[in-house]
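First up is the structure itself, then whatever we jot down about it.
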Amino acid sequence: MGEQARATVVFRGMVQGVGFRFTTKRIASGYAVGGYVENEPDGSVELVAEGERQEVEAFIEEVS
């Protein structure tokens with residue numbers, strides 16, 4: 001088992017109302033990660049991902 005990691009990323013801009021959470025969930029299904037994506041009151045979206053460091057980093061890179 002590889003090194004475990006947890007990443008928190010806040011996305012700003014046009015991320016609410018455009019399918020960002022749905023798209024992130026679809027992308028996550030291709031990686032061994034867990035976590036959540038939620039809309040924030042200020043219009044941003046917070047993403048938290050956990051898993052092996054390599055999987056988390058690759059997932060975040062693809063979402064970004």
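Go through region 1-23 residue by residue and tally those that are in contact with a Ser or Thr (Cβ under 9 Å, 6 or more places away or on another chain) and open to solvent by 50 Å² or more (accessible area, probe 1.4 Å).
Selection size over region 1-23: 4.
Please go through region 38-56 and pick out each residue that is of a type outside the set (Lys, Arg), at pLDDT 95 or above and at negative phi.
Within region 38-56, Glu46, Leu47, Val48, Ala49, Glu50, Glu52, Gln54, Glu55, Val56 meet the criteria.
Within region 11-36, track down each residue that is touching a Leu at 6+ places or on another chain (Cβ under 8 Å) and either part of a loop (DSSP other than H, G, I, E, B) or within 15 Å of Glu61 (Cα to Cα) (or both).
If the condition is that a residue be touching a Leu at 6+ places or on another chain (Cβ under 8 Å) and either part of a loop (DSSP other than H, G, I, E, B) or within 15 Å of Glu61 (Cα to Cα) (or both), then Phe11, Thr24 are the ones that fit.
Inside region 24-54, can you point out the residues that are within 11 Å of Ala7 (Cβ to Cβ), touching a residue at least 40 places away in the same chain (Cβ under 8 Å) and open to solvent by 20 Å² or more (accessible area, probe 1.4 Å)?
Correct list: Glu50, Arg53.
The values are calculated or read from the model by the stated rules, or taken from the named source; none is laboratory data. For clarity, every value in this text was computed on a predicted model and none was experimentally measured. So basically every Cβ, Gly included, is an ideal-geometry build from the backbone, and we count neighbours across all protein chains shown. Heavy atoms of the whole protein, side chains included, go into the accessibility calculation; ligands, DNA and RNA do not. Shrake-Rupley method; radii C 1.70, N 1.55, O 1.52, S 1.80 Å.
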